[in-house]
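Student: Please read through the structure below; I'll follow up with questions.
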Amino acid sequence: MAKPGGSAVKKRFVVLGLAGAVSAFFAAAVMARPVGEVRFTIQNGGSSDLRAFSLSRPTSDAWGTDRLAGRSISPGQETQIVIQPSLGGCLYDMKASFVSGGDARLFAVDVCRLNGAEIILTD
């Protein structure tokens, strides 16, 4: 039988310490996971045409390019958005602008979890 403070107790702490380090490593790897193409659908749930949809990093002061590329989406219609998040960059802010002058904004969205999802936007 091992004495308190003996080698069996020290080994247990070493194993627990190693398990904690491995868990922290895998948690960091998940946060910085490389992701290929992400596809999700946006639906115009508003009462006027959706005229622009932009994405930006939460750290950016400017919105990205219009993902609708000049097209408008009528109420009840939808379109697919395709993006390729970079390594460690799954968080995006989203802005949908409507012809009525209203807009919908979503902040710090994990787009890596949106693959195949549908987002309904209203003005």
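Bear in mind these aren't lab numbers, they're just calculated from the coordinates by the rules spelled out. The structure displayed is predicted, hence computed values, not measured ones.
Student: Give a residue-ordered list of calculated ³J(HN,Hα) values for the range 105-115 (Karplus: 6.51 cos²θ - 1.76 cosθ + 1.60, θ = phi - 60°; whole Hz; x for Gly, Pro).
Tutor: Residue by residue, the range 105-115 yields 10, 10, 10, 6, 7, 7, 5, 5, 8, 8, 3 Hz.
Student: Expressed in nm to one decimal, what extension gain is obtained for the pair SER60 and GLU118 from 0.36 nm per residue of sequence separation less their Cα-Cα distance?
Tutor: Fully extending the segment from SER60 to GLU118 adds 18.4 nm.
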